[in-house]
């Protein structure tokens, strides 16, 4: 080697370059690790934020569901009293329907009796009308006979008058 000092300087320079390269490589690896950790940290922070938001949303939904459930409980309680009232009303109406049905049956029986009575009265009226017609016919026949007798009497009376008039003319002559 030409000069030991130069060789040493070159080896020191090469050693220094190697040290710089190694340090640079080490820093790149550290930077990659830090970037990966930072990304992991960011991902975890994002996940934590998402979970926190989800928990807040679920808390809000649970509060809404609790309010809705208490409203439903109130509705169930009011519906229960309404159902009891409706059952009582249904029972009352069933009793009323039964009494109306009984009344309808009684009325139908009375209507049948009234119809039968009306039918009998109609038959009696028909018989009475037939008797009246027969009586009127006999009365008319009787009046016709009497009118015929009166007509014959009037004719005889005219003839008697004419005879008397003709006899009195004969006697005057």
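Relative to the longest principal axis of the Cα atoms of the chain, helix 4-172 runs at roughly 0 degrees.
Ranked from largest, the principal axis spans of the Cα set of the stretch 58-173 equal 156, 30, 15 Å. At a Förster distance of 30 Å, what's the computed FRET efficiency of residue 87 paired with residue 51, Cβ-Cβ distance as r, to 0.05? Efficiency at R0 = 30 Å is approximately 0.05. Looking at the stretch 59-126, what % of the alpha carbon pairs are farther apart than 19 Å? Tail fraction, whole percent: 68. Each principal axis of the Cα cloud of the stretch 1-122 was evaluated for its coordinate range; sorted largest first, these ranges are 165, 30, 12 Å.
Evaluated on the stretch 1-58, the Kirkwood hydrodynamic radius is 15.2 Å, with distances taken between all distinct Cα atoms. From helices alone, the chain scores -38000 deg cm²/dmol at 222 nm; the rule is -39500 (n - 2.57) for each run of n ≥ 4 DSSP H residues, then divide by the residue total. Comparing Cα centroids, the stretch 138-173 and the stretch 51-86 end up 120 angstrom apart.
Modelled label positions at residue 164 and residue 38, each set 7 Å beyond Cα in the direction of Cβ, lie 16.9 nm from each other.
Coordinate-derived values only; no laboratory data. Since the structure is predicted, the reported quantities are computational estimates derived from the model, not experimental observations. We place every Cβ from the backbone using ideal geometry, glycine too, and count neighbours over all the protein chains shown.
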